[in-house]
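FYI, it's all coordinate maths here, none of it is from the lab. On a predicted model such as this, the values are computed, not experimentally measured, just so you know. Here the Cβ is made from the backbone with ideal geometry for all residues, glycine too, and neighbour counts use every protein chain on show.
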Amino acid sequence: MARLLVVGGSGFIGRAISQRAIAAGHEVRSVSRGGRPEDAAGRWVDSVEWTSADLFSPHTWRDRLRGVDAVVHSVGIAHEHPQEGATFERLNGDSAIITALEAERAGVDTYVFLSSAANYPTARRAYLQSKRRAERAVENLNMETVVLRPGAVYGPDQPHFPEPLNWLCRLVDGIDPLAERLGEARPLSVDRVADVALDAVVDPETRLLTVEDIAHPL
């Protein structure tokens, strides 16, 4: 059993990781701006230690790292809102770097970063650039680091996709020959991404996991 801190655990991918980690018998803590999600249901929600905090003020959540074996960073935005301080560089890049440095300082063994294989369809190039900058910043820290690069991630309650696109992604992913031809644009289910992220926590042998690695894990 491992003790995890899921950064962004109340978000779309973070919830899936937290839920599956609890089901697998792990101890899960979450730090996010929203804290415990009010719309989440199921026994797993009560099993997570939820913390509402500002990631950019580490002193408000640093104690959550105490005794943690692995940190999973799943914070990210697909659309910027500069007037609210929500930019790609800040949320996709800086938040990952800050949490990685805090994890290293706390002696955490493993850091898993949810990056991206390609630019988000409607986003500026800064979206992917911020992810790559974070990847470079964390790769040489004094702990095991694993980077996941999924493409489009679909699933129930996907906040960035309209439902018809969510349905189309699910359909394409179910037709493997077609999905394979899409390469890095291949859609992946949030459950598959969560499973691979959790596998990386338990066995962080591979430093970089591509769309193909996530779609067909060994």
Self-check item: Residues satisfying the stated conditions in the range 96-121, i.e. under 22 Å from Pro204 (Cβ atoms) and surrounded by fewer than 20 Cβ atoms within 10 Å (Cβ to Cβ)
Solution: Ile97, Ile98, Leu101, Glu104, Arg105, Ala106, Gly107, Asp109
Quiz item: With respect to Ser95, is the statement that it is among the hydroxyl-bearing types (Ser, Thr, Tyr) and touching a Phe, Trp or Tyr at 6+ places or on another chain (Cβ under 9 Å) true?
Solution: yes
Exercise. May I ask you to list the residues in the range 10-58 that are in a helix (DSSP H, G or I), touching a strand residue (DSSP E or B) at 6+ places or on another chain (Cβ under 7 Å) and of a type in the set (A, V, I, L, M, F, W, C)?
Key: Ile13, Ile17, Ala21, Ile22
Practice problem: Give the residues of the range 59-96 that are in a helix (DSSP H, G or I) and touching a helix residue (DSSP H, G or I) at 6+ places or on another chain (Cβ under 7 Å), sorted by residue number. | Solution: Arg62, Leu65, Phe88, Glu89, Asn92, Gly93, Ala96
Exercise. Could you please find all residues in the range 200-218 being free of Cβ contacts under 8 Å to residues at least 60 places away in the same chain and either surrounded by 20 or more Cβ atoms within 10 Å (Cβ to Cβ) or among the hydrophobic types (A, V, I, L, M, F, W, C) (or both)?
Key: Ala215, Leu218
Quiz item: Residues of the range 98-112 being in a helix (DSSP H, G or I) and of a type in the set (A, V, I, L, M, F, W, C), which ones?
Solution: Ile98, Ala100, Leu101, Ala103
Quiz item: Limited to the range 144-182, what total is found for residues that are part of a loop (DSSP other than H, G, I, E, B) and on the phi < 0 side of the Ramachandran plot?
Solution: 13
